[in-house]
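*Asks:* Before I ask anything, here is the structure I am working with.
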Amino acid sequence: MQLPYYVVDSFTSSVFTGNPAGVCMLDEWLSDETMQRIAAENRLSETAFLVGGHGRYDLRWFTPEVEVDLCGHATLASGFVLLRDYEHAADRLDFNTKAGMLTVVRDGDRLAMDFPSRPAEACAAPEALVRGLGMPPNQVLRCRDYLAVFDTEEDIRRIAPDITALNELDCLAIIITAPGKHADFVSRVFAPRAGVDEDPVTGSTHCTLIPYWAEKLAKRKLHARQLSRRGGEIFCEYRDDRCIIAGHAALYLRGTIML
């Protein structure tokens, strides 16, 4: 069996930055075990698998360890591949996922995703969170992920997480965030339970970051940066129960998986 396979750097205009995602095109679903093994072999933070055509696709995402319910950068990568190589006349793509119906549309030279809003609620700071981050946040909130808020961009940059401690937390990811110097807000994301110690740029966590910062800054349109080593840029809009998450993408690899 030969499967078309791509690697796309998401939330960036150039390769070797942003977040690389695998995109695997299928005529029909493989077994869950096979898709998980492909994702583990790829060792990217997510690999997307797609079945469909004519602008409508079923979409699933796997980290090297688990299937996840929502992934932004691999959805952006999927939209980029489809619009570039398969859906030349389309301006919109619809994806049926575990998180409901998601869309990707052309937005000038960017691609814009319509995702669900996932506001977080204030909670007590778990001991393992404070220990894992090495400094106490000003505020901790919880949705699917923990959201830890700090004062400055410098705080976010200098945190050197204890991944073993963060792995004790019962969540998919730990988000740290603060106001940005050259963006409305900045963040970093750690997801050890998904096999990803630090994710380079994370679209799905912006479903929680956008409503938080939209309220704090009293603005609907936001510019964000993720401060991983690779770095990435996200253009955001808050629409109450939905979040628009937009960015650029760059093709790194096109090839074939041999099974």
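The values are calculated or read from the model by the stated rules, or taken from the named source; none is laboratory data. Since the model is a prediction, treat every value here as computed from it, not as a measurement. Cβ: placed from backbone, ideal geometry, glycine included. Neighbour counts: every protein chain shown.
*Asks:* In the range 56-88, how many are surrounded by fewer than 16 Cβ atoms within 10 Å (Cβ to Cβ) and over 23 Å from Val189 (Cα atoms)?
*Replies:* Count: 5.
*Asks:* Which residue out of Leu222, Leu169 is over 22 Å from Ser10 (Cα atoms) and either surrounded by 15 or more Cβ atoms within 10 Å (Cβ to Cβ) or in the same structural domain as Thr63 (by TED's automatic domain parsing) (or both)? First the steps, then the outcome.
*Replies:* On the way: Leu222 fails: over 22 Å from Ser10 (Cα atoms).
Step by step, each of Leu222, Leu169 is checked, and only Leu169 is over 22 Å from Ser10 (Cα atoms) and either surrounded by 15 or more Cβ atoms within 10 Å (Cβ to Cβ) or in the same structural domain as Thr63 (by TED's automatic domain parsing) (or both).
*Asks:* Examine the range 63-86 for a residue that is of a type in the set (S, T, N, Q) and either touching a Cys at 6+ places or on another chain (Cβ under 7 Å) or without any contact (Cβ under 8 Å) to a residue 40 or more places away in the chain (or both), and state whether such a residue exists.
*Replies:* Among the residues of the range 63-86, not one is of a type in the set (S, T, N, Q) and either touching a Cys at 6+ places or on another chain (Cβ under 7 Å) or without any contact (Cβ under 8 Å) to a residue 40 or more places away in the chain (or both), which makes the answer no.
*Asks:* Do the conditions hold for Thr177, that is, is it in contact with a helix residue (DSSP H, G or I) (Cβ under 9 Å, 6 or more places away or on another chain) and either part of a helix (DSSP H, G or I) or among the acidic types (Asp, Glu) (or both)?
*Replies:* When the stated conditions are applied, Thr177 does not pass them.
*Asks:* Checking the condition among the basic types (Lys, Arg) and either under 21 Å from Asp85 (Cα atoms) or touching a residue at least 40 places away in the same chain (Cβ under 8 Å) (or both), which residue from Arg43, Arg60 passes?
*Replies:* Going through Arg43, Arg60 in turn, the sole match is Arg60.
*Asks:* For the range 15-41, how many residues are over 11 Å from Arg230 (Cα atoms), under 19 Å from the mean Cα position of the chain (by Cα) and not aliphatic (A, V, I, L, M)?
*Replies:* 3
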